[in-house]
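Note sheet for the following structure.
The values are calculated or read from the model by the stated rules, or taken from the named source; none is laboratory data. Please read these numbers as outputs of a predicted model, since none were measured by experiment. Here the Cβ positions follow ideal geometry from the backbone for every residue, glycine too, while neighbour counts run over all protein chains shown.
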4 protein chains.
Amino acid sequence: MDFNVMRTGRAVLHVTDLEASRAFYDALGFIETASDDENIYFRAIEDFAHHCLHLKLGDIPAVETISYKVGSEECLDELHTLFVDHDRNVKWMEKGTQVGIGRTLRVEEVSGMTIEFYFEMEHVERMMQKFHLHKGAKVQRIDHFNCAVPDVDKAYDYYIHELGFKCSEFTSIKGSEHIWAAWLHRKPGVHDVAFMNAVGPRLHHIGFWLKDPMSLIDCCDYLAAAGYRDSIERGPGRHGLSNAFFLYLRDPDGHRIELYNGDYYTGDFDNQPIEWDLDDPARQTFWGHEAPDSWFNEASTLLDLNGNVVPVSEPKLAKIKPNTII
Amino acid sequence: MDFNVMRTGRAVLHVTDLEASRAFYDALGFIETASDDENIYFRAIEDFAHHCLHLKLGDIPAVETISYKVGSEECLDELHTLFVDHDRNVKWMEKGTQVGIGRTLRVEEVSGMTIEFYFEMEHVERMMQKFHLHKGAKVQRIDHFNCAVPDVDKAYDYYIHELGFKCSEFTSIKGSEHIWAAWLHRKPGVHDVAFMNAVGPRLHHIGFWLKDPMSLIDCCDYLAAAGYRDSIERGPGRHGLSNAFFLYLRDPDGHRIELYNGDYYTGDFDNQPIEWDLDDPARQTFWGHEAPDSWFNEASTLLDLNGNVVPVSEPKLAKIKPNTII
Amino acid sequence: MDFNVMRTGRAVLHVTDLEASRAFYDALGFIETASDDENIYFRAIEDFAHHCLHLKLGDIPAVETISYKVGSEECLDELHTLFVDHDRNVKWMEKGTQVGIGRTLRVEEVSGMTIEFYFEMEHVERMMQKFHLHKGAKVQRIDHFNCAVPDVDKAYDYYIHELGFKCSEFTSIKGSEHIWAAWLHRKPGVHDVAFMNAVGPRLHHIGFWLKDPMSLIDCCDYLAAAGYRDSIERGPGRHGLSNAFFLYLRDPDGHRIELYNGDYYTGDFDNQPIEWDLDDPARQTFWGHEAPDSWFNEASTLLDLNGNVVPVSEPKLAKIKPNTII
Amino acid sequence: MDFNVMRTGRAVLHVTDLEASRAFYDALGFIETASDDENIYFRAIEDFAHHCLHLKLGDIPAVETISYKVGSEECLDELHTLFVDHDRNVKWMEKGTQVGIGRTLRVEEVSGMTIEFYFEMEHVERMMQKFHLHKGAKVQRIDHFNCAVPDVDKAYDYYIHELGFKCSEFTSIKGSEHIWAAWLHRKPGVHDVAFMNAVGPRLHHIGFWLKDPMSLIDCCDYLAAAGYRDSIERGPGRHGLSNAFFLYLRDPDGHRIELYNGDYYTGDFDNQPIEWDLDDPARQTFWGHEAPDSWFNEASTLLDLNGNVVPVSEPKLAKIKPNTII
């Protein structure tokens, strides 16, 4: 492996009403770096990079791609070689094709997700200490993607053995060798990406990190007062798995956003993955609350490299109980 | 009116396993003032008074009485006159009869609840600044009682016009002159007692005030880690009505405890009650979460002055929808 | 005593640059109810009353009056009788004379402070649950006045015995019967007014209550980022006396504002005042930090009923050490 | 460079009263992994590694070594080669020599500091979700070392160019090419080590990360109540540089501990160091508070590889003003 995937970088989401989306993400504290009639580029408070969320006006709500930042331009070429060797569909997006970002490599990966790699992104002002301009959830930075896939074992193997991810925590099933769900990272936190056994491939949510638990509580009040009560889907609560103090929101198109605070350092090479049994009640919700059905059943549709909807299939592992995915 | 009811004072709860109850309330941060084989007397962090929670070993989980502190010994005699005039059953508990507390007057009030009045309570050390001894929810003080009664109008009238309470907030029903629920106070916060239309009379919960929202979040983690995950019934969340940031717990006997932070000053004589429509979704849960069925259906059984179970009856107002009481 | 002083109500401050003051108090989260070329009327988040802070364009920074809300219009007449009997200078301000407020009684009280009493104030919208409009310190409500006076004993006696205040905490001097400082209340918190032994009469600060400790921390970041670093005079810290988690600010004219969270219930008639020795290091700053000299030496000038500057005199008790007033 | 320094790992401090130190660090929430008559091994809440703080009974308060975790055992041999090539004094500590830790390499580095590298450390239980056992500051993990050295340029060059550290922030002097202070990291936060222009080499402080700002505030209350008021040296406050919400403590031997929350992600290879001018008032204390003299003048004495006190010398750059180091 001659490449170095660094971290979760950005997402490109198709939305059907740009103004409705602008108002929603603005209420969460995102900072608008640039926009035109068909696009908004948002960054979070810590970011010196141009954007971590690209909203694009589309016919249907969908995920165009989720992107990882790599360590150099050369990494992109190495990744290209890898994916071509593995017969995956790939597509270069040359510098200048997309606003604020350099050359990118897009791939239909092993689970059928459209993912993208890039090194270069335009630098802009870091707003971290402009505290008087922070608002809503004061979103600090993008943290992870959570993907619903029908075959977690397959995704796990590829990301671990081919792409160099490490596993921080996973859900096992008593009496089975299959993995129900896995949290994988490159940066030394709990995850850059998680895979869960479910109808897929679909994007379950994008996770953003907050600077403290009170920002999450304040965000609930802010959103409810600003007319977004119906956008609050689940939480606040604590996940046993990942130790996240979480809140799940649905944007105006139904894309799911996780705001969270918690995490811990996982960078030691002798860090051992934490194993959770699927039936452990503390795994999903440490405080014992049930999640609503929508959280288990709904997720964002993906587009392939040609912009067509990616078909989904049933999960490999049978649904054992309603609380199946975190 | 020649008496002066000051505030919610204490509750006397019958519990069936004293050690289980001790462990639970200790985990919430209550301080044990005294105890013997059949009783535990707990106070909260702010208290210089002997106790605000008296747990008594009993055959069944039940509420012996809920008590209000008055402004003087003379108030007790004036209250006695009032209740006798109104043909209510009354009973004096002379000083020395109960540990830590002076002479009390017990009454079966207009809704059939057994309530008690007292002025004198033994003084003990205030633990407010012994921060190193605080733990769990760091419960600061008792705040209010919430009562399920079949006829809220009747309770409202008596407490307002005979006992001198004021109304801070209430729930009305479109097209009706009846009150669905009312929050009444003597001290200048949202309430010392609330009445809600439901099967009753029963005690729905006892509310305790926390010093900040993080104590409530920390309490969830503490309780879940200490083995009390199943004790967390509802929350954390925000009530529209009362503005409380709340958490509802069930003690080992099922008695319901509300921990909350929020409240606001209501002491101005021109303070106008806030009216909420029963159908306003923000009333119950400002952030839009549903409460579990148990929260609507279950409440603590009361004992009368002779120690017999108080019979309950169906509420006067028809149940309009599941989310009927806050 | 046939009157009922209810609580700290409002302050009327003379400021020399209305725009500079507007920007400062707006940054703290005050809500502007009304204004013209020479006045701004601010209320806090909880307030249904027109204002708690009236800024008036003046030649010099000064305090025109500090005001207490009473229980009825009749109270004003009773207070008038009291002060006239005691040969104090008094002045009626008829309804219509001042914006948003009814008839008021102004008095040069026993320490030479100009204080005011009122019952009626115009009602406006309570912004408590418009969370999306809160900002900066999210100031919830006015809480207390802190007055530097040369003779604390005299002020203490008058407020306790003539005006019906109660003492929650006080600072004594070993081997002396004099009181160094006293915290007095009508509403059941630590104070509506405090008196401290110092050059006076002057207004040391106006205290405003915040809803939680994080609002205070967030306020420091907000103010510093918004260009108000030099306005932060002292804190954040914890007072032993009063248990307040505090922050002291200086407005553009040097008027001192305390933002704080903490407080506790003092409404029981058998509540005993907490005595602190002047030499107890935990009294002033529970965490052990020194206050800057400005905090001890500087305070706002008062105006008398005729608008003239009130002369000050040296304190009765000798200055024993730099940390003389809290 | 064939080695991989991963992160700040542990410190070995000599203390003169083991029981006094045990009580102090226990109050901060450290967890005792092991101890005997002359040693205590503490870990923090997140740690699965045996310890991050080794206290050793000594004749004088001193620092025996500060240690970095590396990526493999082979890294240690490569580092040995590097330091020997550069004529630095080195010393192997074989596995079994020290409790809980494998083979280590100790070195007198370019500034004369005794530092240590290790890969292996015994695994123990991670207490992260045993929330009911957390207390005091609830210290989550070790974060960084801050070193006072006479020649920051020299340290900077060696750590950047020889050891592979990256610079996140630094303090420059107008009109000079010298660096006044530098924050260097291997893990993707603000720092694993900082160097400041001062009398040295000495250890200024060890930084520990807290999970949220309220843990820091609660810690102040806890420490003051538990009798450690005099241990609080500076803060709480916000550093402009590093964005840390900080509290500085002195342990019973005067070793300085920083508790902090804040930090941000610095792992992108195109992350540009933030430059602060020495005269920028926001650099040291974003909120504008002065630090006490002790914070500038006092630091811990170091021991060399033979256990002798390391002599100190005056800084290369003239002291320009009292507020010279952050």
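Before moving on, here are some points about what is shown:
For (1) of a type outside the set (Phe, Trp, Tyr); (2) at the interface with another protein chain (Cβ under 9 Å from one of its Cβ atoms), each residue gets a yes or a no:
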{"position": "C:Leu247", "(1), (2)": "yes, no"}
{"position": "C:Arg250", "(1), (2)": "yes, no"}
{"position": "C:Gln272", "(1), (2)": "yes, yes"}
{"position": "C:Trp295", "(1), (2)": "no, no"}
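- Flag for C:Phe246 being within 24 Å of C:Arg186 (Cα to Cα), assigned to a loop (DSSP other than H, G, I, E, B) and among the hydrophobic types (A, V, I, L, M, F, W, C): no
- D:Arg43 meets each of the listed conditions (1) within 25 Å of D:Phe195 (Cβ to Cβ); (2) touching a Cys at 6+ places or on another chain (Cβ under 7 Å) apart from (1).
- Some residue of the range D:163-175 being modelled with pLDDT of 95 or more, of a type in the set (Val, Ile, Thr) and surrounded by fewer than 24 Cβ atoms within 10 Å (Cβ to Cβ): no
- The range D:40-88 - residue that is under 26 Å from A:Pro273 (Cβ atoms) and of a type in the set (Ser, Thr, Tyr) and, of those, nearest to the other protein chains (Cβ to nearest Cβ): D:Ser72
- Residue list for the range B:168-204, restricted to those being outside any strand (DSSP E or B) and over 17 Å from B:Met113 (Cβ atoms): B:Ile173, B:Lys174, B:Gly175, B:Ser176, B:Glu177, B:His178, B:Lys187, B:Pro188, B:Gly189, B:Val190
- The range C:118-158 - residue that is of a type in the set (Val, Ile, Thr) and buried (at least 18 other Cβ atoms within 10 Å of the Cβ) and, of those, farthest from the other protein chains (Cβ to nearest Cβ): C:Val149
- So C:Gly267, is it facing another protein chain (nearest Cβ under 7 Å), more than 17 Å from C:Asn146 (Cα to Cα) and part of a loop (DSSP other than H, G, I, E, B): yes
- Residues (at positive phi and assigned to a strand (DSSP E or B)) located in the range D:230-243: D:Gly235
- Condition check for B:Ser72: of a type in the set (Ser, Thr, Tyr) and in contact with a Lys or Arg (Cβ under 8 Å, 6 or more places away or on another chain): no
- Test: residue in the range C:213-222 that is within 11 Å of another protein chain (Cβ to nearest Cβ) and part of a loop (DSSP other than H, G, I, E, B): no
- The condition of being part of a strand (DSSP E or B) and surrounded by fewer than 21 Cβ atoms within 10 Å (Cβ to Cβ) holds for only one of B:Glu275, B:Glu258, that being B:Glu275.
- Filter result (under 20 Å from C:Leu203 (Cβ atoms), in a helix (DSSP H, G or I) and hydrophobic (A, V, I, L, M, F, W, C)) within the range C:138-167: C:Val152, C:Ala155
- If you go through the range B:93-102 and keep only what is free of Cβ contacts under 8 Å to residues at least 60 places away in the same chain and either within 14 Å of chain C (Cβ to nearest Cβ) or closer than 24 Å to B:Ala181 by Cβ (or both), you end up with just B:Gly102.
- Taken across the range D:223-232, residues that are of a type in the set (Phe, Trp, Tyr), surrounded by 24 or more Cβ atoms within 10 Å (Cβ to Cβ) and closer than 20 Å to D:Asp143 by Cβ do not occur at all.
- Residue within the range B:301-314 that is closer than 21 Å to B:Ala182 by Cα, surrounded by 21 or more Cβ atoms within 10 Å (Cβ to Cβ) and not assigned by TED's automatic domain parsing to the domain that holds B:Thr16 present: yes
- Filter pass, B:Leu216 being more than 27 Å from A:Arg283 (Cβ to Cβ) and in contact (Cβ under 8 Å) with a residue 24 or more places away in the chain: no
- Residue in the range C:74-95 that is within 22 Å of C:Glu125 (Cα to Cα) and surrounded by fewer than 18 Cβ atoms within 10 Å (Cβ to Cβ) present: yes
- Residue in the range D:19-39 that is within 14 Å of chain A (Cβ to nearest Cβ) and among the aliphatic types (A, V, I, L, M) present: no
- Restricting D:Arg256, D:Arg229, D:Arg234 to those that are touching an Asp or Glu at 6+ places or on another chain (Cβ under 8 Å) and among the basic types (Lys, Arg) reduces the list to D:Arg256.
- Selection status of A:Ala224, outside the structural domain of A:Asn146 (by TED's automatic domain parsing) and either more than 20 Å from the chain's Cα centre (by Cα) or without any contact (Cβ under 8 Å) to a residue 24 or more places away in the chain (or both): no
- Taking the range D:26-64 as the range and being in contact (Cβ under 8 Å) with a residue 24 or more places away in the chain and among the aromatic types (Phe, Trp, Tyr) as the test, the residues that pass are D:Phe30, D:Tyr41, D:Phe48.
- Number of residues in the range C:190-244 that are more than 26 Å from C:Ser67 (Cα to Cα) and of a type in the set (Val, Ile, Thr): the value is 1.
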